[in-house]
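The values are calculated or read from the model by the stated rules, or taken from the named source; none is laboratory data. Here the structure is a predicted model, which means the values were calculated and not measured. Glycine also receives a Cβ, built like all others from the backbone with ideal geometry; neighbour counts cover every protein chain displayed.
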Amino acid sequence: MSKRPPPELQAASIGHNIRRFRTAEGLTLRELSERSGVSIATISKIETGKISGGFATIYKIARGLGVLVTEILPAEAAGGERFVVHKKDAAEVHPTEIYDYFPQAFQPEGVLNPYVMVVHTREVPDTRDWSIHPGEEVVFVLSGAIDLHYEGRPPQRMNEGDSACFNSGARHAFVCAGKEPARIFSVSTRGPATRTADKLIFSSPV
C-alpha cells in the first residue's frame, strides 16, 4: 500500500526538486518567476522548505521549468510493488485555472504519467501556461470536444473518441470546444529531454 510522506518531508522534497531543475536549466529565481508567474518570494520559500505550495502553484512552476508536475511532487512509497490498482473512490482532484487533474494508477519509479483531465477553459491560455515536458504524450477524448493547440501547428479539433500522440517537448494546450467541460485521458512519459517536436499523429474512430 502506498504511503504519503509526512508534510515536512513533502515540503523539503518539493523544494529540493524545484531547485534541482532550476539550477540544471541555469535559471535564476527571477527568471523562473517570469516564466511561471509565481513570485520570487514564493519560489524561494518553497525551495527552502518553508512552505510546500499548493498544486496550482507547483503546476505553474513545473510549466516554467518545462517538466511534469509529478517530477516535482514527492512520490508515495509503494513498497516495491510493481502492480498498482487505483480505485475510483480514491480519486484526488487537483484543480488549476484551466484544467482539473485526476491522477490515475502509476508506478512511482516508472515512466508513465496518467491523468484524467477536465478541460473547462474556453480561452487559449497564456503561452507560459502551455504544457511542455520531455517525452511523448497520448490524449484520448472521453467526452465533449477540445481544440488541441500545438506549437508550430494550427489548432486541431478533437471530438469524443478521437486520440492524438505527439512529442511533448513542444508547447501544447487544450481548450474546451463544446458547451460542457471536456474530459480527456492523458498519458505522458518521462523520457529523455528534448525541445524539438516534428511529429504529431491524430486518429479518429471508424
- [ ] Within segment 118-168, work out how many residues are at pLDDT below 95, β-branched (Val, Ile, Thr) and surrounded by fewer than 16 Cβ atoms within 10 Å (Cβ to Cβ).
- [x] 1
Open item on the list: Against the conditions (1) closer than 26 Å to GLN156 by Cα; (2) at pLDDT below 85, where does LEU112 fall short? Just the number, please.
Closed with: (2)
Open item on the list: Report every pair of residues separated by at least 6 positions or lying on different chains whose Cβ atoms are under 7 Å apart, first residue within segment 1-19 and farther than 21 Å from SER33 by Cβ, second modelled with pLDDT of 55 or more and charged (D, E, K, R).
Closed with: SER2/GLU76; LYS3/GLU76; ARG4/GLU76
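Among ARG157, ARG128, ARG153, which is in contact with an Asp or Glu (Cβ under 7 Å, 6 or more places away or on another chain) and over 23 Å from VAL111 (Cα atoms)? Before the answer, list the steps.
Working: ARG128 fails: in contact with an Asp or Glu (Cβ under 7 Å, 6 or more places away or on another chain); ARG153 fails: in contact with an Asp or Glu (Cβ under 7 Å, 6 or more places away or on another chain).
When all the criteria are applied, what remains is ARG157.
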Task: Of all residues in segment 55-109 being polar (S, T, N, Q) and touching a strand residue (DSSP E or B) at 6+ places or on another chain (Cβ under 9 Å), the one that is modelled with the highest pLDDT - done: GLN104
